[in-house]
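Chemist: Handing you a structure now.
The values are calculated or read from the model by the stated rules, or taken from the named source; none is laboratory data. No experiment lies behind these values; they were computed from the predicted model shown. So basically every Cβ, Gly included, is an ideal-geometry build from the backbone, and we count neighbours across all protein chains shown. We work out accessible area using only protein heavy atoms, side chains counted, and drop any ligands, DNA or RNA first. Shrake-Rupley method; radii C 1.70, N 1.55, O 1.52, S 1.80 Å.
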Amino acid sequence: MEQIDDQQIKADDRRYVLHSWSKQKAIHPSIIKKAEGIFFWDDSGKKFYDMSAQLVYLNVGHNHPKLMEEFKHIGDIPFASPGFATASTAELARKIIEVAPKNMAKVFFANGGADSNDHAIKIARMVTGRYKIFSRYRSYHGATFGAGNLSGENRRFAVEPGLPGFIKFETPHLYHEKIDFESEEAASDFYLDRLEHQILYEGPESIAAIFMETIPGSNGVLIPPKGYMEGVRALCTKYGILMICDEVMSGFGRTGKMFAVDHFNLEPDMMTFAKGVTCGYNPLGGVIVSSSIADYFDDHVLLTGLTYSGHTVSTQIGCATLDIYKNEHLVEHAAEMGHVLAERLEQLMRFASVGEVRHLGLFAAVELVKDKQTKEPLMGYGKDYGKDTEGLMKKFVGLLMEQGFYTYSHDSHVMIAPPLIISEQQIHEAMDLFELALIKFEKELFSDHPVVAK
Ligand SMILES: Cc1ncc(COP(=O)(O)O)c(C=O)c1O
C-alpha cells in the first residue's frame, strides 16, 4: 500500500468513501492508529476503551497474537471454490456443530450476517414450501434486501414497500409495556397469545418461519421474559413453522454462554451467525441447520450459493478463533465478567436519566429517559439517522467519547458489549468513565433535579 499521512487519508476518505447509515457531511471519521486488547488509539493519540468491541464483533479483542500469527499461515491452504472440500471449511463446520445445540447438524457458510439471514429465508421456503416469514418490530437482521425486509426497526425503511409475505410482530419490551404484569411468565403468556392469534390470522399453512434475534441486540438488548422463547418454540412445532434464531450478535460467548439460545434450552431449526465466528478478523457468516433440514437436502437441491461460501482465509481464521474461545475459556470468563458489569450497571439506576439497564453476560444496554416517572425516552423511537432533532443521544455519546469510552447508541439506549477478554479492573475503569459522562450530561440536562449522590 502507498504510505500516506493521516491528513491525506482523511481527505481521500472524505472525497472517495461512502460511510454507512450517515449523512456524509455530518460525520468526521477519525483513524484508528493502534489497537491492543480492549483499547484503541485514534490519530490524535487519544486512548479509548472499546466498550462495544467495534460493532459487537471483536470478542477476542484487538490484535490477538494467536490470530495475527494465523494470518502468517494464510496461503498454506490453496484457494478453492465452494464445490471443493477444504481442510479449514470442514474443520470449522465440525467445530461449530460441536458447540451448537444438540439437534444441529450442518453449516452453510456465507460472508456476513445479512446474507446469512437471506440464505436462511430461502432455506426455510425450500424446506417448507411455504412463503411467509414472521419477524419482529424491534429487530435488526442486516442491510441486504432480504434481511432488510426481515428487520423491524427503521433501518428497514430503505427497502420499503418491501417484499410480500414478511409479517412483523411485537417484541416483548416490558419496560415500555402499559400492562403491569404480575410476573414474567404472565407477560410471556400475553405476548404468546397475541402471536398465536397473528399466526392464525395469517394462515399457519403459509408461514415458513418465525425469525428472531434470540436477544435483540442493537434494538436494546431486550431479554425475553421467562418462558417466552420456549413458548415460541412450542407454537412453531404446533403449526409446522421453522424457528430461526439470529445469533449474529448474541452468539459466540457474548451472553456468557456459547449461544444465547443456550440460556433457554432451545433447539431452533436454524441459527444464523457471523461477527464472533472470526471476530471480524476476516468476514464470515453462516447458517447452522438441524439434522432434519440437513437430511432434506440429501435428496433435494440446495438452491443457493455464493462464490465465497466457506472462503479459505475466513474459515482458517474461524478455526483459530474457535480455538481461542476454548483454550482461553472466554465464554466462562464472559459469564464471570458479566456479573461484575451487572453490578456496575445496576448502580447506574441512581441517575435521573437512566430508565432501565438490561444485561446478560457481556451484552448490555443502558436506556436513557428524560423523565424516570413517565419513562419518556431521551429520543423518540425511530429518530436515529438524522432525525434526532434535539441531538441528546448524540450529545451523550459525544461525552462518552470525550471520556475515552467508545460505543454506539440506537434509539435511546447505549450499547455496552466490550471484548470478552475484558478484566474486572478494566470494567470498573470503563464504568467510572461512563458515570463521569452521565454526571456531566445530567448537569446540563437536569440542572433542576441533579444526580442522586453515591
Ligand atoms: C442480529 C444481527 N443480525 C444481522 C446483522 C447483520 O450483519 P452484517 O452487518 O454482518 O451483515 C447484524 C449486524 O449488526 C445483527 O446485529
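Chemist: What is the distance, in nm, between label points placed 7 Å from the Cα along the Cα-to-Cβ direction at Leu55 and at Glu69?
Modeler: 3.0 nm
Chemist: Now for a separate question. Based on alpha-carbon centroids, what's the gap between the stretch 155-232 and the stretch 278-312 in Å, whole number please?
Modeler: First find each Cα centre; the distance between them is then 26 Å.
Chemist: Rounded to the nearest 5, what is the percent of antiparallel bridges among the DSSP beta bridges in the stretch 70-327? Could you put the intermediate results ahead of the total?
Modeler: On the way: 10 of 25 bridges.
In the stretch 70-327, DSSP labels about 40 percent of beta bridges as antiparallel.
Chemist: Taking R0 as 45 Å, what FRET efficiency do you get between Lys23 and Asp298 from their Cβ-Cβ distance, rounded to the nearest 0.05?
Modeler: So the FRET efficiency works out to roughly 0.35.
Chemist: Here is a follow-up. Going by average Cβ density within 10 Å per residue, which order do the peptides 221-228, 267-274, 76-83, 1-8 take, highest to lowest?
Modeler: For the peptides 221-228, 267-274, 76-83, 1-8, the packing ranking is 267-274, 221-228, 76-83, 1-8.
Chemist: For a 28 Å ceiling on Cα separation, which of these pairs sit above it: Lys25/Lys72; Lys95/Lys132; Lys226/Lys372?
Modeler: On the way: Lys25/Lys72 39 Å; Lys95/Lys132 32 Å; Lys226/Lys372 25 Å.
Among Lys25/Lys72; Lys95/Lys132; Lys226/Lys372, the Cα-Cα distance tops 28 Å for Lys25/Lys72; Lys95/Lys132.
Chemist: Starting from the 7 Å offset along Cα-to-Cβ, what nm value, one decimal, do you get for the label separation of Glu332 and Asp432?
Modeler: 3.0 nm
Chemist: What list of ³J(HN,Hα) values in whole Hz, one per residue of the stretch 241-252 in order, does the Karplus curve 6.51 cos²θ - 1.76 cosθ + 1.60 (θ = phi - 60°) give from phi, with Gly and Pro shown as x?
Modeler: Running phi through 6.51 cos²θ - 1.76 cosθ + 1.60 with θ = phi - 60° gives 9, 7, 9, 10, 9, 7, 10, 4, 9, 8, x, 6 Hz.
Chemist: Could you tell me the calculated FRET efficiency between Lys238 and Leu163, based on Cβ-Cβ distance and R0 = 25 angstrom, to the nearest 0.05?
Modeler: FRET efficiency, Lys238 to Leu163: 0.45.
Chemist: Right, another one. Nothing charged except the Cβ atoms of Lys and Arg (+1) and of Asp and Glu (-1): what's the magnitude of the dipole of the stretch 1-155 about its Cα centre? Round to the nearest 20 debye.
Modeler: My answer is approximately 920 debye.
Chemist: Filter the chain for me: DSSP H helices, axial length by Cα at least 24 angstrom, mean Kyte-Doolittle hydropathy not below 0.0. List them by residue number.
Modeler: Helices meeting the span and hydropathy rule in the chain: none at all.
Chemist: Hey, can you grab everything whose amide H is under 5 Å from the amide H of Tyr131? Only 5+ residues off in sequence or another chain; H modelled, so Pro and N-termini drop out.
Modeler: Here the answer is Ala208, since their amide H atoms fall under 5 Å of that of Tyr131.
Chemist: Which aspartates and glutamates, on any chain, are close to Lys238 with Cα under 14 Å apart, when same-chain ones fewer than 8 places away are left out?
Modeler: Result set, ordered by chain and number: Asp193, Glu196, Glu205, Glu230, Asp269.
Chemist: So, with +1 on the Cβ of K and R and -1 on the Cβ of D and E, and no other charges, what is the size of the charge dipole of the chain about its Cα centre, to the nearest 20 debye?
Modeler: With Lys and Arg at +1 and Asp and Glu at -1, about 820 debye.
Chemist: Taking 0.36 nm per residue of sequence separation and subtracting the Cα-Cα distance, how much length would be gained by fully extending the chain between Thr389 and Phe145, in nm to one decimal?
Modeler: Length difference between fully extended and current span is 85.0 nm.
Chemist: Could you tell me the largest-minus-smallest coordinate of the C-alpha atoms of the chain on each of the three principal axes, in descending order and whole angstroms?
Modeler: Largest to smallest, the principal-axis extents are 68, 59, 42 Å.
Chemist: Which of the aspartates and glutamates could a cross-linker bridge to Lys47, judged by Cα under 16 Å and excluding same-chain residues fewer than eight apart?
Modeler: Partners found: Glu36, Glu402, Glu429, Asp432.
Chemist: Which Cα, out of Ser314, Gly256, Ala114, lies furthest along the positive dipole direction of the chain (beta carbon charges, K/R +1, D/E -1)?
Modeler: Ala114
Chemist: Taking 0.36 nm per intervening residue step and subtracting the Cα-Cα distance, what contour gain separates Arg14 from Glu202 on full extension? Numbers along the way, then the final one.
Modeler: On the way: separation 188, 0.36 × 188 = 67.68 nm, distance 4.74 nm.
Roughly 62.9 nm would be gained on extension.
Chemist: With no solvent and one point on each alpha carbon, what is the Debye value of log10 I(q)/I(0) for the stretch 70-327 at q = 0.10 Å⁻¹?
Modeler: The Cα Debye sum returns log10 ratios of -0.47.
Chemist: Any idea of Val289's accessible area? Nearest 10 Å², probe 1.4 Å.
Modeler: Accessible area, nearest 10 Å²: 10 Å².
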